[in-house]
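One structure below.
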Amino acid sequence: MKVIETDEITYFIGENAQDNHDTFDKMSENVTWFHLNDTSSAHIFVKLPKDRKLRKKVVKQAAYYVRYYSKDYGKVCYTGISNLRKGAEPGEIEISDVIKLKLI
């Protein structure tokens, strides 16, 4: 897992399927997950300080990291980690509430 910290915001970057799987286990409720929509990609987990909301600048930065650390390119989806379940296979994520999934 690669970790980038800037302005009290932490970006956790899974660099392969197993890393994505393991990183998911280490995340808490106040984390937002980013991924390419409908294709395999890096998983980016964004942790904000408790008193901060997810701002457009952070969303754009996380989307950049998803695209930079992935082999494909496309729309980025994101949602709160509480809307996800870890799948059986390494790197597999199931979205429990598709309505809360956002695309950029």
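Take the residues in region 51-64 that are assigned to a loop (DSSP other than H, G, I, E, B) and touching a residue at least 12 places away in the same chain (Cβ under 8 Å); name whichever of them is nearest to the chain's Cα centre (by Cα). In this case the residue turns out to be Leu54. The set of residues from region 4-50 being in a strand (DSSP E or B), in contact with a strand residue (DSSP E or B) (Cβ under 6 Å, 6 or more places away or on another chain) and without any contact (Cβ under 8 Å) to a residue 24 or more places away in the chain is empty. Against the numbered list (1) over 12 Å from the mean Cα position of the chain (by Cα); (2) assigned to a helix (DSSP H, G or I), Arg67 comes up short only at (1). Scanning region 38-71 for residues that are touching an Asp or Glu at 6+ places or on another chain (Cβ under 6 Å) and among the β-branched types (Val, Ile, Thr) turns up just one, Thr39.
Exactly one residue among Lys2, Lys26, Lys57 is under 16 Å from Ser82 (Cα atoms) and either crowded, with 18+ Cβ neighbours inside 10 Å or of a type outside the set (Val, Ile, Thr) (or both), and that residue is Lys26. Looking only at residues that are over 17 Å from Asp19 (Cβ atoms) and hydrophobic (A, V, I, L, M, F, W, C) in region 65-87, which one is surrounded by the fewest Cβ atoms within 10 Å (Cβ to Cβ)? Looking at residues that are over 17 Å from Asp19 (Cβ atoms) and hydrophobic (A, V, I, L, M, F, W, C), I get Cys77.
Here, each number is a calculation from the coordinates, and none is a lab measurement. What you are looking at is a predicted structure, and each value in this text was computed from that prediction instead of being measured. Heads up, the Cβs are rebuilt from the backbone with ideal geometry, glycines too, and the neighbour counts pull from every protein chain shown.
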